[in-house]
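Chemist: Structure provided below as structure tokens; questions to follow.
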Amino acid sequence: MLGWWISVFSDADRQEPHLIASWECGVSGADWLNELYKEGRAAQTENKGGYPDVYQTQARYVAPWLLDGKISPQGDAPHGNFTPVFMEDDKGETVLMQSYGYRPLKLHRPELLRALPPEAVLTIQVFDLS
């Protein structure tokens, strides 16, 4: 499967990380996180080539859109559970390979996410599904 498994954790109680959101997305589904990093609003704390990569950012940058059921700050909401995947065949033609079913956004701890101050640090784990 091509894409990413993204998990968002809060270390609010400083003793145990809490999984607050997770979802699967397509190949470009983690681009928003790279943009936050480039803008200086996220720090990459682990770079393992996607197995996994780990970032930290403040709740102000992700909590509002997660609470709105979106999987990116640009407003991407899950459009069903299927994303078409196109590949190049042996003749060099682009063809529909398969429609993959991705797991949609699941908020595991919405009450915790709502209660976090804007400056609270969230840890985001991005795992390559390929």
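Chemist: Return the residues of the stretch 5-30 that are open to solvent by 50 Å² or more (accessible area, probe 1.4 Å), under 15 Å from VAL62 (Cβ atoms) and at pLDDT below 90; say none if nothing qualifies.
Modeler: ASP11, ALA12
Chemist: Which one is farthest from GLU24 (Cα to Cα) among residues in the stretch 109-130 that are among the small types (Gly, Ala, Ser) and open to solvent by 70 Å² or more (accessible area, probe 1.4 Å)?
Modeler: ALA115
Chemist: Still on this model: Take the residues in the stretch 31-57 that are in contact (Cβ under 8 Å) with a residue 12 or more places away in the chain and assigned to a loop (DSSP other than H, G, I, E, B), then tell me which one is surrounded by the most Cβ atoms within 10 Å (Cβ to Cβ).
Modeler: PRO52
Chemist: Right, something else. Can you tell me which condition GLN74 does not meet? The list is (1) at pLDDT below 90; (2) more than 22 Å from SER130 (Cα to Cα); (3) surrounded by 12 or more Cβ atoms within 10 Å (Cβ to Cβ), and all the others hold.
Modeler: Going through (1) at pLDDT below 90; (2) more than 22 Å from SER130 (Cα to Cα); (3) surrounded by 12 or more Cβ atoms within 10 Å (Cβ to Cβ) one by one, GLN74 breaks only (3).
Chemist: Does ARG60 fit the bill of being modelled with pLDDT under 90, among the charged types (D, E, K, R) and open to solvent by 80 Å² or more (accessible area, probe 1.4 Å)?
Modeler: No.
The values are calculated or read from the model by the stated rules, or taken from the named source; none is laboratory data. Note that this is a predicted model, so its numbers are computed, not measured. Note that each Cβ is placed from the backbone with ideal geometry, even for glycine, and that neighbours are counted across all protein chains shown. Just the protein is used for accessible areas: all its heavy atoms, side chains included, with ligands, DNA and RNA removed. Shrake-Rupley method; radii C 1.70, N 1.55, O 1.52, S 1.80 Å.
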